[in-house]
Amino acid sequence: MKLPWSWIGEFVDIADVTPEEYAHALTMSGSMVEGIENAGSEIKNVVVGKIEQIERHPDADKLVVCQLNVGSETIQIVTGAPNVKVGQLVPVALHKSTLPGGVKITKGKLRGVLSMGMMCSHEELGMALEDYAGACEDGILILQEDIAPGTDIRDALNLNENVIDFDITSNRPDCFSVIGMARETAATFDKPIKLHKPEVKGGAGDVNAMAKVDVLDTEACPRYAARVVKNVKIAPSPKWMQDRLKNSGIRAINNIVDITNYILLEYGQPMHAFDLDRVAGHHITVRRAKDGEPMVTLDGAEHTLDSEVLVISDEEKAVALAGVMGGENSEITDDAVTVLFECANFEPTRVRRSAKKAGLRTESSARYEKGLDAEMIPDALNRACELVELLGAGEVCDGMIDVNHAQDTRKPVPFVPEKINQFLGTQISGTFMLEALKKLGFTIEGDTCLAPTYRIDIHEMADVAEEVVRIYGYDKLPTTPLRGETTMGGQSEMENKKDRIKAMLCGMGMYEIFTYTFTTPKMFDLLNVPQDSGLRNVVRITNPLGEETSVMRTTTIGAMMDTVARNLNLRNDQANLFEIGKVYLPQDGAQLPEERDKITMAFYGGSCDFYTVKGAVEALLAGLGAQDAVYTACTDNPMFHPGRCAAVEIGGKDCGVLGEVHPSVIRNYGLKTRVYLAELDLADILSQANGEKQFKPLPKYPAVTRDIAVLVDKTVPVYELEKVIRSVAGEVLEQVKLFDVYQGEQVPEDKKSVAYALVMRSHEGTLEEETINDIMKRTVEALDNTCGAKLR
Amino acid sequence: MMKEMLEKIGKQAQEEIAALVKSSGDLKAEFEQVRVKYLGKKGELTGVLRQMGKLTPEERPVIGELANEVRADIEKKLADAKAKIEDLKLQQQLKNEVLDVTMPGKDFSAGSLHPLTQVLNEVKDIFIGLGFEVAAGPEVELDYYNFEALNIPKDHPARDTQDTFYVSENVLLRTQTSPVQIRVMEQKKPPIRIIAPGRVYRSDAVDATHSPVFHQIEGLVVDRGVTMADLKGTLETVAKQLYGEDARIRFRPHHFPFTEPSAEVDVSCFACGGKGCRLCKGEGWIEILGAGMVHPQVLRNCDIDPEEYSGFAFGMGLERIVMRRFDIQDIRMFFENDMRFLKQF
């Protein structure tokens, strides 16, 4: 919220404080200042000049030579502007002056004639055409007021106003106003506040003879007050009012509308002005809209209302959306003669719903939504009428219609200084607290206090403590270490394991990635996921930013593929990546989905192949102590190459999948590189890998290694051979090492040669040659019988 | 006579050994040859000694001593020569094996943790050291936990500032990690000291400083007699560990619906130490987190009596901390995972 310095100064004397000091002090007492704006801060050495003489330029038809009185002296300026006349007052940028944008003006010669500076247009002063009546499309700005030559142009055009921009928090609707911030200013600097009691002369007849107000929904409208102005003369409001509105970010319209906006800013109380002659029966009714009731608001937008919406209506039709915006049908136009000022209190939720329904958010609705003080209504309304009289904008009728059902819901709050000190960890004196609260408008009675009506945010001791400490100074709060019963810090076993897995994968040369957890439903098509797949059962976001981020992922493979694709497009020709991230699986009958962590790895480029990703998975599982992982060919996972995909099972539990990404998926992502990928379920792996270590005594007897090479059908997985070898050799077999798989010369087309080293050892004694030979013999037989493998 | 022979053998052996050292043939074999020639069973010295019987008893000890001297001398010369030869060989080897040590090492390249993880781990370690447990909660969350229980009822204006992704009327993507506070307080009675790092979602359009997905680290302490000064003390300790012993913190009043009093917390700029620079936009301070005393209503919502217990809570944005730590200007880089970015950490 933007507040002009001079406006605050009307209520609190801040002449002895710099804007910077002010901004810091208010920020530290709870009203954060975002910045200080000053439209004229860049203008230097520009003054008002009076044109005393104009002569033709001796050598140029389009130029004239002017003599200007700039206060201390008369100077000569050459200009090409068509609109200059003797006697006019104009802005003059003197020699060595600065204009907005850092433009520097110095003396110089124009076609041989000396010019001691420049006369300025509105644009050169950083103003808009509509900012000032004397601004001219293609010429010099002509000052409209009689101002002494030599006056600083910033004073003359009110360009030197410091505007303080506050970021007001939602709990302090009272601060969305000049008076609210004046109260904070007074409390912060410990200065008195000068509140003005408006005085209205009136005399234009009784308001009750002019209009009638009925409030049908007193819950939604606790208070509705109105006054009437007759013989209205619509005109522009004076410059001082326009300047204040402009500096506060509101456009000036006409005197009546500007007055309502002035009250909005000064009191924080929204007002509306109706053209009473366009209000049927001069009878205002505050009621809920009928379902389907039509309404056109001031901005020309058409709305179809329902009973959730509160409207102001006349005897025929709705004339305003209560607290949000007026209707086009009762708007103040230039020929308005009689005006009714509405000054009301509406219930926050009702305004919020109306605003939402209408898709409108206005200065008015924003204030009502946060909750306003119904007590300020009479003063605010009277102030508006006082301004009408001050501006000569019309004749105010006597009396005020005031339908008041507002209730004071404030309750006394305990005020015990020791308790507040205990809570804050401070030793602030009771007297200081008392004074601070008084400054903030609280009344204290014994060990309770009562907040002022405009403080809707004070309910209990903690709220009072905050008031005390913000006036005392947050920067004076002591710092004490945590005390009390010691607690054991740490994280869950699952989190520890996660950290460990990340460390292991990094050790294997992979880089961790972070991806979005929401995605597009199209991802499933890119990944070849069948229409009836359970993966397509997703958590859907009802109000996504776009389709791209509209569903929560059920697989991490899409995000990994996106990352791979992005890296390939960036010409990163090689990558090893991993992510530990969640998937979100909807559960029948449960409101919330199951969130499961997945370990995802991907490799492309360099010399990587299927066995790279498999090796990484094996190393990870071994590191976690998952000994009995089984990899079986998986030909029906649509995301993976049917001949290069393995299901990962540990202890009979399905824990994930690894393999080469299906060539058609690669094509779907517009890639040309093979990608090797694994997706493992973290919890499933950890449930099967206890990771507990057990020591086995070191062997006392030597091991014997025997090699065996067999010819077997190409299609037989080596895992089948290994199973046979293990079952035959039994306990003495310490290790089966596959050391060669060969296809090619000397091996028939449909066969492969597979060579193993069998490491055998007994813990009872050195193995007898005979025993070993027997094992080898039986192994060879079994391989032949079970797998059709022939010894080479 | 024998004396002369022995002296001759000694001299001859010495010459041969000296020649050996200079020779370039198969040193090992030649060496053995020389040794056998003089000291072997059929060697020259042995041959001479065999004739000892022919000597007179007076001559025998004299010649015996001389013979031993000659043998010892040959043995020593041989050993010296061997050592010298081995040394020469070693020198030669070292000369031949000179490497260009400026060439790159073999590829053992480790990967790395994402910068968000690296800094999160640091923060976790600091808090674990202070006796905090790490807690977690769901990202797809009930409205109750994300808003209602945190003092943000439906139609509360604070909901406007948190653009929420909804799944249904009562289910949403959490906009903050604060719901974990409620879940923890429902499960556990004080003393409570937790941090809850995690992903949060806001319906913010993506730009250099906004991401619809980001991470927060929530903190909560509830116990008897917990004060706002404790909050300040704790955060100061954390700031010092995170940013160095010289770091100072500053509390500014603010408003959060679920804490009262509330504060925004700044840390003295770690780039300029508070003098004002580009990083802190000349302020000398950098906002790092929001904090406050747990609102008594929030405690009541979790069946904790605010008359008996009090607590503080805080929340910080992980991305912002990491961006400032590494001077990263664009939040999108965290989720783009460009290898050239990842490899820098």
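Overview of results
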| quantity | calculated |
| --- | --- |
| Residue that is assigned by TED's automatic domain parsing to the domain that holds residue B:311, surrounded by 20 or more Cβ atoms within 10 Å (Cβ to Cβ) and touching a helix residue (DSSP H, G or I) at 6+ places or on another chain (Cβ under 8 Å), where the choices are B:147, B:132 | B:147 |
| Candidate set from the stretch B:37-63 (those that are closer than 16 Å to residue B:4 by Cβ and not aliphatic (A, V, I, L, M)); member that is surrounded by the fewest Cβ atoms within 10 Å (Cβ to Cβ) | B:54 |
| Residue satisfying all of: in the stretch A:511-540; within 14 Å of chain B (Cβ to nearest Cβ) and outside any loop (DSSP other than H, G, I, E, B); nearest to residue B:110 (Cα to Cα) among these | A:511 |
| Subset tally (residues that are in a loop (DSSP other than H, G, I, E, B) and not β-branched (Val, Ile, Thr)) for the stretch B:198-229 | 9 |
| Single condition residue A:176 does not satisfy, out of (1) away from every other protein chain (no Cβ under 14 Å); (2) under 37 Å from the mean Cα position of the chain (by Cα); (3) not aliphatic (A, V, I, L, M) | (1) |
| Strands (runs of 3 or more DSSP E) contained entirely in the stretch A:102-221, each with at least 1 residues that are under 30 Å from residue A:12 (Cα atoms), charged (D, E, K, R) and in contact with a strand residue (DSSP E or B) (Cβ under 9 Å, 6 or more places away or on another chain) | A:162-167 |
| Only listed residue being of a type in the set (Val, Ile, Thr), at the interface with chain A (Cβ under 10 Å from one of its Cβ atoms), in contact (Cβ under 8 Å) with a residue 12 or more places away in the chain and surrounded by fewer than 24 Cβ atoms within 10 Å (Cβ to Cβ), chosen from B:213, B:221 | B:213 |
| Only one of B:195, B:152 that is within 11 Å of another protein chain (Cβ to nearest Cβ), surrounded by 19 or more Cβ atoms within 10 Å (Cβ to Cβ) and either assigned to a loop (DSSP other than H, G, I, E, B) or among the basic types (Lys, Arg) (or both) | B:152 |
| Checklist (1) at the interface with chain A (Cβ under 8 Å from one of its Cβ atoms); (2) in contact with a strand residue (DSSP E or B) (Cβ under 7 Å, 6 or more places away or on another chain); (3) assigned to a loop (DSSP other than H, G, I, E, B); (4) not hydrophobic (A, V, I, L, M, F, W, C) applied to residue B:190, failing item | (1) |
| All positions within the stretch A:150-173 that are touching a helix residue (DSSP H, G or I) at 6+ places or on another chain (Cβ under 6 Å) and either modelled with pLDDT of 95 or more or more than 14 Å from every other protein chain (Cβ to nearest Cβ) (or both) | A:158, A:160, A:161, A:162, A:163 |
| Residue match in the stretch B:159-177 (condition: part of a helix (DSSP H, G or I) and at the interface with chain A (Cβ under 9 Å from one of its Cβ atoms)) | no |
| Test: residue B:263 is over 26 Å from the mean Cα position of the chain (by Cα), within 14 Å of chain A (Cβ to nearest Cβ) and crowded, with 16+ Cβ neighbours inside 10 Å | yes |
| Residue within the stretch A:339-347 that is part of a helix (DSSP H, G or I) and surrounded by fewer than 24 Cβ atoms within 10 Å (Cβ to Cβ) present | no |
| Count of the stretch A:36-56 residues which are more than 22 Å from residue A:71 (Cβ to Cβ), within 49 Å of the chain's Cα centre (by Cα) and modelled with pLDDT of 90 or more | 1 |
| Failed item, numbered, when residue B:204 is tested on (1) under 30 Å from the mean Cα position of the chain (by Cα); (2) more than 7 Å from every other protein chain (Cβ to nearest Cβ); (3) not hydroxyl-bearing (Ser, Thr, Tyr) | (1) |
| Test: residue in the stretch A:130-149 that is touching a Gly at 6+ places or on another chain (Cβ under 6 Å), surrounded by fewer than 18 Cβ atoms within 10 Å (Cβ to Cβ) and at pLDDT 90 or above | no |
| Residue match in the stretch A:431-448 (condition: farther than 28 Å from residue B:250 by Cβ, among the basic types (Lys, Arg) and exposed (fewer than 15 other Cβ atoms within 10 Å of the Cβ)) | no |
| Some residue of the stretch A:763-774 being surrounded by 13 or more Cβ atoms within 10 Å (Cβ to Cβ) and assigned to a helix (DSSP H, G or I) | yes |
| Extreme residue, nearest to residue A:419 (Cα to Cα), among residues of the stretch B:224-249 that are of a type in the set (Gly, Ala, Ser) and in contact (Cβ under 8 Å) with a residue 24 or more places away in the chain | B:225 |
| Residue list for the stretch A:541-552, restricted to those being over 17 Å from residue B:202 (Cβ atoms) and either in contact with a Phe, Trp or Tyr (Cβ under 7 Å, 6 or more places away or on another chain) or within 8 Å of chain B (Cβ to nearest Cβ) (or both) | A:551 |
| Selection count where residues are away from chain B (no Cβ under 14 Å), of a type in the set (Gly, Ala, Ser) and under 25 Å from residue A:494 (Cα atoms), scope the stretch A:588-633 | 6 |
| Residue list for the stretch B:318-339, filter: surrounded by 21 or more Cβ atoms within 10 Å (Cβ to Cβ) and of a type in the set (Asp, Glu) | B:319 |
| Given (1) facing another protein chain (nearest Cβ under 9 Å); (2) under 34 Å from the mean Cα position of the chain (by Cα), index of the condition residue B:293 fails | (2) |
| Residues of the stretch B:221-262 classified as of a type in the set (Lys, Arg) and under 28 Å from residue A:170 (Cα atoms), total | 3 |
| Test: residue in the stretch A:280-290 that is under 37 Å from the mean Cα position of the chain (by Cα), in contact (Cβ under 8 Å) with a residue 40 or more places away in the chain and surrounded by fewer than 21 Cβ atoms within 10 Å (Cβ to Cβ) | yes |
| Residue B:209 polar (S, T, N, Q) and either at pLDDT below 90 or not assigned by TED's automatic domain parsing to the domain that holds residue B:131 (or both) | yes |
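The values are calculated or read from the model by the stated rules, or taken from the named source; none is laboratory data. Worth saying up front: this structure is predicted, and the values here are computed from it rather than measured. In this analysis, Cβ positions are derived from the backbone assuming ideal geometry, glycine residues included, and neighbour counts consider all displayed protein chains.
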